[in-house]
Amino acid sequence: MPQKIALVGIGKIARDQHIPAIQASPDWQLAATVSRHGTVGGIQAFDDFAAMLDARPDIGVVSLCMPPVPRFDYASAAIEAGRHVMLEKPPGATLSECHALEAMAREAGVSIYATWHSREAAMVSTAKAWLVGKRLTSLVVTWKEDVRKWHPGQSWIWQAGGLGVFDPGINALSIVTEILADPIHLTSSELLIPENCETPIAAHMAFAHPHGARVTADFDFRQQGDQFWNIAIETDQGHLVLSDGGAKLVIDGHAQSTATDGNPLQGEYPRLYANMARLVRDGAIDMDLSPMAHVADAFLLGRRVTVEPFFE
Ligand code: NAP
């Protein structure tokens with residue numbers, strides 16, 4: 001029997017990924033939407049979250065797809081109303097508010113899920129399995145995309161809390177923290193901030209690794225032409241390149257493939273919704289904040305460099 005879910009914040013990612021994933025899933029029934037502007041044909045639409053919570057006590061789960069800054073107020077209201085909560089990445093605007101949400105969910109006995117969609121990309125688990133028992137010598141993240149192409153009109157990205165280039169960059173960090181056996185920590189970062197923006201358009205990060213591997217990440221929103229979402233890893237027993245955000249994997253020069261290519265229940269978002277169904281069934285919480293901790297560290301330790309203004 002599918003569970004009723006409400007989708008909140010009907011924007012780009014809700015339309016591109018959440019709605020198709022929910023509609024393809026045997027676990028879920030899209031029962032309502034909440035958005036100030038967006039609606040979904042045939043689904044009851046609210047433009048006020050409190051009104052939806054009051055009117056639809058039969059909806060036990062909410063999935064929050066708005067940008068990070070407003071998310072805490074919605075998540076805390078949902079938990080107070082006894083609903084399970086699924087959070088788009090990043091799970092909030094600050095680490096402290098995410099810790100608070102987790103504590104509130106535990107107290108209320110509801111599930112909360114900080115989703116990291118890139119961890120569900122097709123080849124991430126294969127890369128993680130290959131790394132087991134190997135000694136890491138270097139890991140280089142190159143995440144370079146054209147912001148005008150991928151984030152048109154998203155002014156929130158340039159405002160405090162919108163993360164700038166860390167909005168996609170945190171996806172790379174979610175993969176890195178998933179596949180590495182050992183924890184890393186930031187040792188330096190440089191944040192390139194356009195003079196008319198509050199968040200970085202590019203960033204460089206370097207990390208310490210417990211066995212001395214060289215670990216770096218370069219994020220850039222100014223990329224023209226070819227786009228890069230790559231993680232290149234060298235070990236004592238060979239090398240791998242994860243590309244296209246984790247969708248492709250080459251190990252020692254040989255392209256790897258999955259048996260699930262083309263299965264509509266196997267994409268990143270279908271897997272997130274399957275995970276959420278399991279968490280609710282098990283009464284569990286998944287609130288891993290490690291990708292966000294590295295971003296917070298980059299803002300703490302980052303050397304700010306002012307660069308030319310950005311105009312969309
Ligand atoms: P978006 O289209 O700009 O925003 C999504 C929706 O959030 C908007 O349509 C808006 O709906 C609502 N919203 C915006 N500001 C709000 C506010 N202050 N209070 C309440 N609701 C507000 O952004 P998006 O690309 O979907 O991204 C949303 C989240 O998904 C971000 O955290 C992003 O990192 C994540 N994400 C995005 C992508 C992507 O490719 N775009 C991929 C993966 C994850 P209404 O105005 O109708 O209320």
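Any residue that is within 16 Å of the ligand (Cβ to nearest atom), charged (D, E, K, R) and at pLDDT 95 or above - is there at least one of those in the range 122-143? For the range 122-143, residues within 16 Å of the ligand (Cβ to nearest atom), charged (D, E, K, R) and at pLDDT 95 or above: absent.
Annotation note: of 238, 246, the sole residue that is surrounded by 22 or more Cβ atoms within 10 Å (Cβ to Cβ) and modelled with pLDDT of 95 or more is 246. For the range 284-312, filtering for residues that are in contact with a Phe, Trp or Tyr (Cβ under 6 Å, 6 or more places away or on another chain) and more than 15 Å from residue 166 (Cα to Cα) leaves 1. Applying a threshold of 6 Å to beta carbon distances and a minimum spacing of six or more residues, or different chains, the list of pairs starting in the range 67-79 at a residue that is within 17 Å of residue 157 (Cα to Cα) and at pLDDT 95 or above and ending at one that is within 11 Å of the ligand (Cβ to nearest atom) and aromatic (Phe, Trp, Tyr) reads 67/156.
Can you name every residue in the range 197-243 that is without any contact (Cβ under 8 Å) to a residue 60 or more places away in the chain and at positive phi? Answer for the range 197-243, where residues must be without any contact (Cβ under 8 Å) to a residue 60 or more places away in the chain and at positive phi: 212, 225. Of the strands (runs of 3 or more DSSP E) that lie entirely inside the range 1-107, those containing 3 or more residues that are within 21 Å of residue 285 (Cα to Cα) span 3-8, 61-64, 84-87.
Residues to consider are 30, 87; find the one that is touching a Leu at 6+ places or on another chain (Cβ under 8 Å), closer than 27 Å to residue 290 by Cβ, modelled with pLDDT of 95 or more and aliphatic (A, V, I, L, M). Step through it out loud before you land on a result.
Details: 30 fails: closer than 27 Å to residue 290 by Cβ.
Every option except 87 fails the conditions.
Which strands (runs of 3 or more DSSP E) sit wholly inside the range 124-230 and have at least 3 residues that are β-branched (Val, Ile, Thr)?
On the way: elements: 136-144, 185-194, 202-208, 214-220.
By residue number, 136-144.
Within the range 161-196, if we keep just the residues that are surrounded by fewer than 16 Cβ atoms within 10 Å (Cβ to Cβ) and either of a type outside the set (Gly, Ala, Ser) or without any contact (Cβ under 8 Å) to a residue 60 or more places away in the chain (or both), the residue that is nearest to the ligand (Cβ to nearest atom) turns out to be 196.
The values are calculated or read from the model by the stated rules, or taken from the named source; none is laboratory data. Predicted model only: the values in this text are computed from it and were never measured. Cβ coordinates were reconstructed from backbone atoms using ideal geometry, including for glycine residues, and neighbour counts include every protein chain displayed.
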